[in-house]
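Working notes, beginning with the structure itself.
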Amino acid sequence: MTIQWHQDGMSFDTLRESHEWAYQVIYNEIGNLYNGYITSDEKIAYTLVFELVRSNTPIPRFEVHTQIEFDTPESAVYRIWVTPTNECI
């Protein structure tokens, strides 16, 4: 499976701001327009994973994957992507 990544450079000061944005924008695009999202904002990564897992709990439709890459000790890149479960293939 080829992952179609989306990266836009968004960053927020608070967890609440990142949650509002992630829930309204990228959350609806993951699994539909894109398979994955790349961000350097840990708040966006956290809220996106939380919402994807929460929505997937009642009826599993996909598996949520995460990866953190440290470019330098001070900067990290977060990758979040989904793959269909075996029942959905």
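For the stretch 73-87, filtered to residues that are closer than 13 Å to Asn35 by Cβ and hydrophobic (A, V, I, L, M, F, W, C), the residue that is nearest to the chain's Cα centre (by Cα) is Ile80.
Within the stretch 50-89, being of a type in the set (Asp, Glu), part of a strand (DSSP E or B) and either without any contact (Cβ under 8 Å) to a residue 12 or more places away in the chain or touching an Asp or Glu at 6+ places or on another chain (Cβ under 9 Å) (or both) holds for Glu69, Asp71.
Looking at the stretch 12-19, is at least one residue in a strand (DSSP E or B) and either at positive phi or not β-branched (Val, Ile, Thr) (or both)? No, the stretch 12-19 contains no residue that is in a strand (DSSP E or B) and either at positive phi or not β-branched (Val, Ile, Thr) (or both). Scanning the stretch 1-25 for residues that are in contact with a Lys or Arg (Cβ under 9 Å, 6 or more places away or on another chain) and among the hydrophobic types (A, V, I, L, M, F, W, C) returns Ile3, Trp5, Phe12, Leu15, Ala22. With Ile59, Ile68 as the choices, which residue is loosely packed, with under 14 Cβ neighbours inside 10 Å, in contact with a strand residue (DSSP E or B) (Cβ under 9 Å, 6 or more places away or on another chain) and farther than 19 Å from Glu17 by Cα? Every option except Ile68 fails the conditions. Looking only at residues in the stretch 35-72 that are small (Gly, Ala, Ser) and under 8 Å from the mean Cα position of the chain (by Cα), the one that is nearest to Pro84 (Cα to Cα) is Gly36.
Among residues of the stretch 29-49 that are part of a loop (DSSP other than H, G, I, E, B), those with a Cβ under 6 angstrom from a residue that is of a type in the set (S, T, N, Q) and surrounded by fewer than 17 Cβ atoms within 10 Å (Cβ to Cβ), sequence gap 6+ or separate chain, pair up as Asn35/Gln4; Asp41/Ser11.
Every number in this text was worked out from the coordinates using simple rules, so none of it is lab data. What you are looking at is a predicted structure, and each value in this text was computed from that prediction instead of being measured. Don't worry about glycine lacking a Cβ; one is built from the backbone with ideal geometry, like all the others, and counts go over all protein chains shown.
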